[in-house]
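The values are calculated or read from the model by the stated rules, or taken from the named source; none is laboratory data. A quick note: this is a predicted structure, and the numbers were derived from the prediction, not measured. Ideal geometry is used to build each Cβ from the backbone, glycine not excepted, and the neighbour counts take in all protein chains shown.
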Amino acid sequence: MMLKSGNMKIAVIGGGPAGLMAAEAAIAGGARVDLYDAMASVGRKFLLAGKGGLNLTHSEPLEKFILRYGPRQKQIQSLLAGFGPDTLRAWAGGLGVETFIGTSGRVFPSDLKSAPLLRAWLRRLRQHGMTIHVRHRWCGWSENDTLRFSTPQGDRVVSADAVVLALGGGSWSRLGSDGAWVSLLGGRGVPIEPLKPANCGFDVGWSPHLRGRYAGHPVKPVVVFGTTPEGLEFRQQGEFVVTETGIEGGVIYAISAWIREEIVKTGMALLRLDLAPDREMSRLISDLSRPRGSRSMASHLQRRVGISGVKAGLLRECVSKEVFADPILLGTAIKTLPLRIVASRPLEEAISTAGGVAFEALDRRLMIRALPGVFCAGEMLDWEAPTGGYLLTACFASGHAAGVGAVRWLQLTRHST
């Protein structure tokens with residue numbers, strides 16, 4: 001039996017991509033949806049993500065795409081089966097937003113902006129009956145299991161037939177994702193993995209000289225590599241930025257989970273840098289072995305092997321003076337420079353978070369087993385992925401699954417009664 005529109009009232013809490021997609025899926029299933037957000041407007045982190053060009057998804061083959069989700073590949077693959085990268089692009093096209101594939105394989109809106117997409121999306125959702133309630137901070141449940149909100153006009157209680165929680169992780173709290181839901185769900189016995197920074201920067205402990213001279217400088221091109229605890233080698237080419245305290249940037253975000261877990265296990269992570277990825281070791285040593293005459297070592301490095309600026313600063317920071325006198329040792333250092341990373345930057349600074357509601361606490365519809373009728377989506381679930389469209393794709397996919405799941409659960413429970 002298919003219930004008519006309006007017979008199912010679903011509350012979606014959180015106005016990011018996961019929450020909005022859950023609302024859209026629920027409306028498509030015949031539900032009436034009220035969406036609540038603690039901020040003065042919805043989609044704030046989504047708009048920030050598009051500030052430098054909105055990376056919606058990635059065009060690589062799905063079998064490679066799914067590998068980006070690490071230990072949660074199986075769970076995310078199930079979600080992507082219902083709303084994957086191709087579906088996401090088609091959905092954006094349905095809003096009048098065409099997309100293109102960049103040289104890196106990343107997928108962007110044709111104008112690179114997030115605001116037009118968000119405006120078109122909200123307009124369509126409102127046209128289909130969704131009501132948005134801003135400045136509504138969720139405070140848990142009342143004694144009779146109604147939803148409690150704190151608003152500028154005072155506390156408010158709301159009844160709903162089902163609830164989708166899409167409250168984000170614990171980073172960028174000024175945009176609404178403050179992790180306050182952890183204690184609310186934990187108090188109800190929901191298993192939650194501790195929130196940890198993901199796609200984040202790390203502390204190295206630079207000398208005052210390097211920090212003062214090179215903070216803010218990009219290091220490119222560079223290859224970062226190392227070995228996992230399981231003995232698997234990894235290599236990642238790209239660039240990163242030297243910060244006041246350490247390093248951050250795309251190539252670091254891609255391996256941030258490995259770095260973070262290494263620090264947890266051993267107190268530090270040893271990363272290797274190839275500062276000259278376009279030169280073979282033998283050629284590098286040959287070039288360094290040429291007489292430098294009266295030229296300084298800095299001039300010799302720049303002229304012979306193209307090492308200058310921040311790369312030269314990193315060499316001097318990480319190896320002893322004696323290394324510069326031996327072309328073999330110096331060439332080896334340029335190709336395998338050791339960089340010791342000692343700490344993750346704080347959760348608040350991270351682009352995203354790992355940890356959250358354990359998938360084992362959910363059924364296949366993303367409903368919390370201990371709280372029938374309560375579904376979870378987005379970054380508050382226990383998964384992580386590097387930047388590159390993978391984060392947004394999984395948020396959209398999980399929101400879609402939760403919205404569909406809430407409708408189907410209501411249909412089944414009402415049909416059975």
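On the stretch given as segment 240-266, residues that are over 17 Å from the mean Cα position of the chain (by Cα) and either under 20 Å from GLY355 (Cα atoms) or modelled with pLDDT under 95 (or both) total 5.
The single condition from (1) modelled with pLDDT of 95 or more; (2) within 15 Å of the chain's Cα centre (by Cα) that GLY29 fails is (2). Residue check: ARG174 meets all listed conditions (1) crowded, with 16+ Cβ neighbours inside 10 Å; (2) assigned by TED's automatic domain parsing to the domain that holds ALA26 but one, namely (1). On the given criteria, is PRO152 touching a helix residue (DSSP H, G or I) at 6+ places or on another chain (Cβ under 9 Å) and not assigned by TED's automatic domain parsing to the domain that holds GLY313? No, not satisfied.
Of all residues in segment 267-286 being among the hydrophobic types (A, V, I, L, M, F, W, C) and buried (at least 17 other Cβ atoms within 10 Å of the Cβ), which is farthest from the chain's Cα centre (by Cα)?
ILE285
Between GLU244, GLU239, GLU262, the distinction of being among the acidic types (Asp, Glu) and part of a strand (DSSP E or B) belongs to GLU239 only. Here LEU79, LEU88, LEU122, LEU112 are screened, and the one residue that is assigned to a helix (DSSP H, G or I) and in contact with a Leu (Cβ under 7 Å, 6 or more places away or on another chain) is LEU88. All conditions in (1) of a type outside the set (S, T, N, Q); (2) under 30 Å from ARG32 (Cβ atoms); (3) at pLDDT 95 or above; (4) out of contact with any His (no Cβ under 7 Å at 6 or more places or on another chain) hold for PHE149, with the sole exception of (4). For segment 121-131, the count of residues that are at positive phi, surrounded by 13 or more Cβ atoms within 10 Å (Cβ to Cβ), touching a residue at least 12 places away in the same chain (Cβ under 8 Å) and outside the structural domain of MET367 (by TED's automatic domain parsing) is zero.
Filtered by the rule that a residue be of a type in the set (A, V, I, L, M, F, W, C), under 22 Å from the mean Cα position of the chain (by Cα) and closer than 19 Å to ARG135 by Cβ, segment 3-26 gives VAL12, ILE13, LEU20, ALA23.
Name the residues in segment 299-317 that are more than 18 Å from PRO221 (Cα to Cα) and either surrounded by 14 or more Cβ atoms within 10 Å (Cβ to Cβ) or of a type in the set (Asp, Glu) (or both), would you? Once the filter is applied, which keeps residues that are more than 18 Å from PRO221 (Cα to Cα) and either surrounded by 14 or more Cβ atoms within 10 Å (Cβ to Cβ) or of a type in the set (Asp, Glu) (or both), segment 299-317 yields HIS300, ARG316, GLU317.
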